[in-house]
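A quick write-up on the structure given underneath.
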Amino acid sequence: MDMIMPVVVATLGAGTPLIFAALGELVAEKSGVLNLGVEGMMLVGAIVAFITMLGTGQLWLGVAAAGVAGALMALLFAFATLTLQANQVAAGLALAIFGAGVSAFIGKGYVGVTLQNAANGGISLPIDIPLLGPLLHSLHPLVYASWLLFAGVTWFLTRSRAGLVLRAVGESPASAHAVGYPVIRIRYFATLFGGAMAGVGGAYLSLVYAPLWLEGMVAGRGWIALALVVFATWRPARVMLGAYLFGGITIVQYFAQSAGIAFATQFMSMLPYLATIVVLVVISRDVAMIRRNAPVSLGKPFHPSV
Amino acid sequence: MQLRLEPRALQSRAMRYASPVIAAALTLVMGFILFAALGKNPLAAFHAFFIAPINSINGVAELFLKASPLVLIAIGLAVGFRSNIWNIGAEGQLTVGAIAAGWVALNPAFADSPLLLAGMIVAGAVGGMAWAAVPAFLRTRFNANEILVSLMLTYVAQLLVNYLVFGPWRDPQGFNTPQSPLFADAALFPILIENTRLNASVLLTLVAVAVGWVFLNKSFLGYKTRVVGLSSAAARYAGFSEKRTVWIGMLAGGAAAGLAGVGEVAGPLGQLFPTISPGYGFTAIIVAFVGRLDPVGIVFAGLLMSLLYLGGDSAQISMGLPAAAASLFQGALLFFLLGADVLVNYRVRVIRAGPVARRSFSA
Amino acid sequence: MRIVNRRDFLKSASSLGIAAIGARAVDAFAQDVLNVGVVHQFPIGEVGWETQHALGYKAMEAAFPGKVKVTVVADVQQAQDSERVFRELASQGNKLIFGTTFSHMAPMLKVARTAPNTYFDCCASVTTLKNMGAFEARNYEASYIAGVIAGRMTRSNILGWVGAFPIPQTVWRMNGFMIGARSVNPKAVCNVIWINTWNDPAKEKDAVGALISQGADVLAGSPNTPVQGVAAEERGAWSIANCSDFSKFVPKKQLTGDIFDWRSAYVDSARDALAGKWKAQDRFRGLGEGGFCAMVPYNAAIPAEVVADARQREKDIVSGKLKVFAGPLKDRDGKQHVAAGASLSDKEIRSINWLVAGINGPFPKS
């Protein structure tokens, strides 16, 4: 039974980059913007954070830099789609590819370099709680930050005025515009936020999880994050669940291998992707539920009539 | 003074052709700045990137060899993209097509058949279509987003070929390295130009260009799929089936990608490896867009993209430019194109605010 | 282009009589400046597989100052592209071209057949041609020594191995490791996890976590990044470096490592080419002078008599007294592969696809 704790800790860690990227994308999508470039933004965030950390030794500076970098990449996308009215799907794909190229380019001199003080600053509690104590101690502050993010995003979307406006923009931009809200500007902020969070997710990978830089090290997690938003039907709590589920499948697969469960490892590696498909199908078949929860204007360009 | 975007009543024809050129020009400018910033002579770098690779017959053959799968897949994808069917999993469909062709090639029962290569081609197309059928089915039946399903299946396909070459299809004469046995000569595409690698699979691409052009521009079915893409409400009103469009869009992309897979394994590779394609399925997406989803444009875009690949290697060899420069260009090209495309649908107006009459310039 | 000109020169020169040409022909092959091409599959980092090759050809440049010019092309990931790059390098006058990984073997064979006047040398290739040689490291010798250390330093008797792909190079290293460990600690076992990727450090870390949680206290493996060592050190476990020395990143808990040393591969090949005496060879060397692998300096925490034993075994391997794959050797299913008194042949080693007893975990059956 003392196998459970390490699996839980590892799962929480594996889910964290997904949570950052997915929650960020969720906010963007709630405002009606579909940004497929998450993978590219995460990669750029990862390398920028890495370089910053290498230079300054400050974890939070690295994370902040990653956020800025992710937001800048998202700005490219936002400008193309919100101002220039380009097709959101194509622009998102372009961002994913461009981000991969940019990150490889600036990361050239850092391939294989590894950080030593992968700050594992877990929280130590003054009192000794039996199960939670050691668990909380082994979690990285960024994992806690992801929980705070979840709380913040939930509060923002459901309780705050600004969140209501954002959701209105996503549901019916024409009406929001008629009432006087600056639709495009709101979407810009939402998209930049999404980019910043994707950057932070990438930073977690390169600063805490790995901690080194390798080209393409995000390894598809950006796409998984996109899938998570859909199968969470755009609700933050389900994003958390989905992220941990996905992370958990990957982790459990390794524990199974190590325990000697011998089956072709490639099929076990397929499990997370197949599971994503299955859950997507299960969620999507309820068209009514999707229609209820998906922002109506998702992916459609909005052109304020003059 | 203000710049305002005004929607045009009609798409500007001139801009439709001009915007890829503008995008290419902007990419070149970016390249110029980049090379200079890296301390390399920009003109020499341009020569290395764009002229040197095609300076010989071999170079031109390589250009076409690399452009062929890109164009082939892009045409298939364009059929889907025009109807808003986003097949992002072409890479996986290529892999499965290669696996299917490999199964035919390695199967002793077919070894002596004169139809071996033809069988491989058919198998490849069927394999790719089968893999694309999954997201098509899940979309039409369960409304699952085809972008995500097709993408997830890409990872699954790559793990599948990995399993096969490490396991049941590993070459028994190969010292247990992960590769399939070499395909027999009868299972390889014949070389078209001696001393080059340009093989007959490029003919498949030419056929696809022709078929694609006819389908998209002349056939009623193609017209229907385009309407679905432009306005699903109008399409429904006219009785055009959206479900059928999904199937056509996905299967066209799957077949094309599968054929490209055959082209790789029965062409330059000659056997199955743990990875089959250097990302053709993804690059083809860029090619499709830069080619404005039109077969003729796609041919040019494919050649350009192929040149960027070749140029990347050539620039490394002769100038020590970093390897990542090529993918940087590819992504930038698409971005610039998306930006330049705005001029197709919108007009830029310069408005001078003021009490007196406004003078406006439109582009 | 230079190669063509030389051929023409030889053709016309040979018509004047052999004896007079003899000396000149040899000169014609001897190079003033040897142009060398090297292709890497992945970008060159600070440590890792590509780095060890870079160290190799840098040593080559240093050994023949001014006489060797190296053109490096990195990040050519697919076989279709490496074939084109090899051909381009050959056509641009590079006389000696190196491939740095087993996936270069197939494309290089194709190019070598069409460029008979260029010398090719491919790391980890199992086939050679008249103008294509191969070089491979018997790093099972080094991993055997690492296993000996691991076997002595483990407290839990559980070792952990993170595998990328089950290729023969990895399998023989694992087997060497296990044989070494069991030679000093018959109770040792090794759990293996395959992550099926070379490029996902997060998965490496997850695998390390799983192995340690299931009791491993010495980690070894094959993805060529320091992540394993760093992750192991975080959890207080020992690690064995592989491919390069990771102690810069794993300052405390790296026991040792079995690393590649390709310097003599490059230097010897260049020397032969410069002297006009290049011949295709299949070099399969291990520890020792002029060999292709080496041990990383031992951690100070290892007790002196363990280090002394390891050093002695190293000497015995180099002298031939100790053979890692000496019989009797059974695989983990009990099938005997080597009889008592015999030892695995090179061919059997290079195509090895079975695991020795003591290694637990999945393994593909072909």
Give the residues of segment A:208-220 that are of a type outside the set (V, I, T) and in contact with a Leu (Cβ under 6 Å, 6 or more places away or on another chain), sorted by residue number. A:P211
If I filter segment C:339-348 for residues that are surrounded by 14 or more Cβ atoms within 10 Å (Cβ to Cβ) and among the basic types (K, R), do I get at least one hit? no
Restricting to segment C:91-105, name every residue that is surrounded by fewer than 22 Cβ atoms within 10 Å (Cβ to Cβ) and within 19 Å of B:S56 (Cα to Cα). C:S91, C:Q92, C:G93
Hits in segment B:3-12 - residues which are modelled with pLDDT under 75 and either part of a helix (DSSP H, G or I) or within 12 Å of chain A (Cβ to nearest Cβ) (or both): B:L3, B:R4, B:L5
So which residues in segment C:35-48 are over 25 Å from C:P226 (Cβ atoms), in contact with a helix residue (DSSP H, G or I) (Cβ under 6 Å, 6 or more places away or on another chain) and surrounded by fewer than 23 Cβ atoms within 10 Å (Cβ to Cβ)? none
By residue number, the members of segment C:333-344 that are in a loop (DSSP other than H, G, I, E, B) and within 17 Å of C:L322 (Cβ to Cβ) are C:A340, C:G341, C:A342, C:L344
Somewhere in segment C:170-179, is a residue within 14 Å of chain A (Cβ to nearest Cβ), in contact with a Ser or Thr (Cβ under 7 Å, 6 or more places away or on another chain) and over 30 Å from C:G93 (Cβ atoms)? yes
Of the candidates C:A294, C:A273, C:A326, C:A310, the one satisfying the condition of being buried (at least 17 other Cβ atoms within 10 Å of the Cβ) and farther than 24 Å from C:P226 by Cβ is C:A273
Looking at segment A:281-293, which of its residues are modelled with pLDDT under 80, within 7 Å of chain B (Cβ to nearest Cβ) and in a helix (DSSP H, G or I)? A:S284, A:V287, A:I290
Looking at segment A:230-255, I want the residues that are on the phi < 0 side of the Ramachandran plot and have a partner that is aromatic (F, W, Y) and modelled with pLDDT under 85 with Cβ atoms under 8 Å, at least 6 apart or on another chain. Which pairs are those? A:R238/A:F231; A:G242/A:F231
For C:T51, state whether it is among the polar types (S, T, N, Q), in contact with a helix residue (DSSP H, G or I) (Cβ under 7 Å, 6 or more places away or on another chain) and not in a loop (DSSP other than H, G, I, E, B). no
Examine segment A:153-167 for a residue that is out of contact with any Lys or Arg (no Cβ under 6 Å at 6 or more places or on another chain) and within 21 Å of A:G13 (Cβ to Cβ), and state whether such a residue exists. yes
Being more than 10 Å from every other protein chain (Cβ to nearest Cβ) and among the aromatic types (F, W, Y), is that true of even one residue in segment B:332-344? no
Subset of segment C:345-356, residues assigned to a loop (DSSP other than H, G, I, E, B) and either touching a residue at least 60 places away in the same chain (Cβ under 8 Å) or among the charged types (D, E, K, R) (or both), comes to C:S351, C:I352, C:N353, C:W354, C:L355
Residues in segment A:169-193 that are in a helix (DSSP H, G or I) and either of a type in the set (F, W, Y) or free of Cβ contacts under 8 Å to residues at least 24 places away in the same chain (or both): how many? 8
Among residues of segment C:70-86 being surrounded by fewer than 23 Cβ atoms within 10 Å (Cβ to Cβ) and more than 7 Å from chain B (Cβ to nearest Cβ), the residue nearest to C:K58 (Cα to Cα) is C:V70
Only listed residue being surrounded by fewer than 24 Cβ atoms within 10 Å (Cβ to Cβ) and within 23 Å of the chain's Cα centre (by Cα), chosen from B:L160, B:L117, B:L148: B:L160
Regarding C:Q52, is this residue at pLDDT 90 or above and either within 14 Å of another protein chain (Cβ to nearest Cβ) or touching a Phe, Trp or Tyr at 6+ places or on another chain (Cβ under 7 Å) (or both)? yes
Reported set for segment C:196-218 where residues are assigned to a helix (DSSP H, G or I), more than 7 Å from chain A (Cβ to nearest Cβ) and surrounded by fewer than 24 Cβ atoms within 10 Å (Cβ to Cβ) is C:I212
Across (1) touching a strand residue (DSSP E or B) at 6+ places or on another chain (Cβ under 6 Å); (2) assigned to a helix (DSSP H, G or I), B:R347 clears everything bar (2)
Sole residue being touching a residue at least 24 places away in the same chain (Cβ under 8 Å), surrounded by fewer than 24 Cβ atoms within 10 Å (Cβ to Cβ), within 22 Å of B:W86 (Cβ to Cβ) and within 11 Å of chain A (Cβ to nearest Cβ), chosen from B:G279, B:G297: B:G279
Kindly evaluate B:F273 against the criterion of being among the aromatic types (F, W, Y), in contact (Cβ under 8 Å) with a residue 24 or more places away in the chain and outside any helix (DSSP H, G or I). yes
When segment B:51-76 is checked residue by residue, the ones that are within 11 Å of another protein chain (Cβ to nearest Cβ) and assigned to a helix (DSSP H, G or I) are B:A52, B:P53, B:N58, B:G59, B:A61, B:E62, B:L63, B:L65, B:K66, B:P69
Looking for something away from every other protein chain (no Cβ under 12 Å) and more than 13 Å from the chain's Cα centre (by Cα) - is there at least one such residue anywhere in segment A:250-258? no
Selected residue [within 15 Å of the chain's Cα centre (by Cα) and at pLDDT 90 or above] from C:M178, C:M153, C:M132, C:M174: C:M174
Going through (1) over 30 Å from C:D309 (Cα atoms); (2) within 14 Å of chain B (Cβ to nearest Cβ); (3) not polar (S, T, N, Q) one by one, C:E136 fails only at (1)
Hey, C:S239 hits all of (1) buried (at least 24 other Cβ atoms within 10 Å of the Cβ); (2) over 19 Å from C:L159 (Cβ atoms); (3) of a type in the set (S, T, Y); (4) in contact with a Lys or Arg (Cβ under 9 Å, 6 or more places away or on another chain) but one; which does it fall short on? (2)
Any residue in segment B:36-60 that is surrounded by 19 or more Cβ atoms within 10 Å (Cβ to Cβ) sitting within a Cβ distance under 6 Å of a residue that is assigned to a loop (DSSP other than H, G, I, E, B) and not acidic (D, E)? List the pairs, counting only those 6 or more apart or interchain. B:N58/B:T196
Would you confirm whether any residue within segment C:219-229 is surrounded by fewer than 21 Cβ atoms within 10 Å (Cβ to Cβ) and either touching a residue at least 24 places away in the same chain (Cβ under 8 Å) or closer than 23 Å to C:G176 by Cα (or both)? no
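The values are calculated or read from the model by the stated rules, or taken from the named source; none is laboratory data. Nothing here was measured: the structure is a model prediction, and the numbers come from that model. Please note: Cβ atoms are built from the backbone with ideal geometry, for glycine as well, and neighbour counts cover all protein chains shown.
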